[in-house]
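Each value in this text was obtained by applying a stated rule to the coordinates, not by laboratory testing. Quantities reported herein were computed from a predicted structural model and do not represent experimental measurements. Glycine also receives a Cβ, built like all others from the backbone with ideal geometry; neighbour counts cover every protein chain displayed.
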Amino acid sequence: MTINVRMAAVIQKITNNQKEFVSEGSNIKDLIQNIEKEFPGFKNHILTDSNEVHQFLNIYVNDEDIRFLSNLETAIKDGDVISFLPALAGGSF
Amino acid sequence: MLLKIEKKFKDFIINHAKKTMPNEACGIIHSINAVPTSIYEVTNIAHSPYRYEMDGIEQLNLEKKREKNGEDLFAIYHSHVATKAEPSPTDVRMAFFPPGNFKTDPMFDSIYYILISLEHTEADVRFFKIEKGPIVKEIDVLFN
């Protein structure tokens, strides 16, 4: 199964500056584990110590936010594009 | 350092901020060779007067557009509806990834952070750089 991974420009340093690459996995959790094997430290940038996605890190399956699917258990299939990008956010205080 | 920016970009930001009241507005400016070329409103999915979060898909699509057009990310802007046009502690924290990780370089080390305040009758638009530390530096801008 081939999963296409796209990293937003601002966090490509955690994948050795690779913007797009292929990996494997049947769901997002598997995918993250497999990317971790290729890029050690990746997981720590994506997940908290309690294995939840960092609050301001967005993961999309094609154009769908995994928070509106099944989060880390979201099933993925051959040819899907998974995008990782940090939220651009802020506030008045 | 004096940055020269076409006034139409300032006008765009002010119009966007005013029409998004009472909530914060946000958007992105692209450039070629450090000269702004295009500006885009981005949906604030927080829909809040106190905070903003750019729509991720719109962010991704703009990143693809930059790649296609050979553009760079020049600046991100957002409004403060009732506070000064200065990066708040939250703005500074969110400039790093993970947020508040000041031991690393900020997510963007070469872009401008544009703040617009609607606190007073006349809108105030100011440019900043946020660097490791964190260090916040205001940039003088001439709109022409």
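Quick one: if the Förster radius is 22 Å, what FRET efficiency do residue B:67 and residue B:105 give, using the C-beta to C-beta distance and rounding to 0.05? List each step's numbers first, then the result.
Details: r = 22 Å, r/R0 = 0.99.
Plugging the Cβ-Cβ distance into 1/(1 + (r/R0)^6) gives 0.50.
Can you give the net charge of the other residues whose Cβ lies under 9 Å from the Cβ of residue B:110, counting K and R as +1 and D and E as -1?
Values: positive: B:129; negative: B:72, B:109.
Result for the local shell: -1.
Counting only other chains, and only Cβ atoms inside 10 Å, what mean value do you get across the residues of A:60-70? If you can, show how the numbers build up before the last one.
On the way: counts 3, 0, 1, 4, 1, 4, 0, 0, 0, 0, 0.
Average per residue, whole number: 1.
Write down the radius of gyration of chain A and its Dmax, each obtained from C-alpha positions, in Å.
In order Rg, Dmax, the Cα atoms of chain A give 12.7, 46 Å.
Once the piece of chain linking residue A:48 and residue A:20 is laid out straight, how much longer is it, given 0.36 nm per residue of separation minus the C-alpha distance between them?
Numbers: separation 28, 0.36 × 28 = 10.08 nm, distance 2.35 nm.
Contour length minus the Cα-Cα distance gives 7.7 nm.
Please work out whether region B:8-111 counts as rounded, prolate or oblate from its C-alpha gyration tensor, where a ≥ b ≥ c are the square roots of the eigenvalues and a/c under 1.5 means rounded, while otherwise a/b larger than b/c means prolate and anything else oblate?
Here region B:8-111 falls in the oblate category.
Using the Karplus curve 6.51 cos²θ - 1.76 cosθ + 1.60 with θ = phi - 60°, what ³J(HN,Hα) values do you get for each residue of region B:74-86, in whole Hz, with x for Gly and Pro?
Each residue of region B:74-86 in turn: 9, 7, 10, 10, 7, 9, 10, 7, 9, 10, 5, 7, 9 Hz.
Can you give me the long-range amide H partners of residue B:75? Hydrogens built in the peptide plane at 1.01 Å from N, cutoff under 5 Å, separation of 5 or more residues or another chain.
It is B:29, B:112, by chain and number.
Find how many whole Å separate the alpha carbon centroid of region B:41-89 from the alpha carbon centroid of region A:1-66.
Value for the Cα centre distance between the two parts: 22 Å.
Calculate the FRET efficiency for residue A:1 and residue A:67 from the Cβ-Cβ distance with a Förster distance of 25 Å, rounded to the nearest 0.05. Don't skip to the end; give the middle numbers.
On the way: r = 23 Å, r/R0 = 0.93.
The value I calculate is 0.60.
From Cα coordinates alone, what are the radius of gyration and Dmax values for region B:20-74 in angstrom?
12.3, 35
Taking only C-alpha pairs under 8 Å that are 6+ residues apart, what is the relative contact order of chain B in percent?
Values: 285 pairs, mean separation 37.0, N = 144.
Here the relative contact order equals 26 percent.
Name the long-range amide H neighbours of residue B:50: under 5 Å, sequence gap of 5 or more, or other chain; modelled H, no Pro or chain starts.
Placed amide hydrogens put B:24 under 5 Å from residue B:50.
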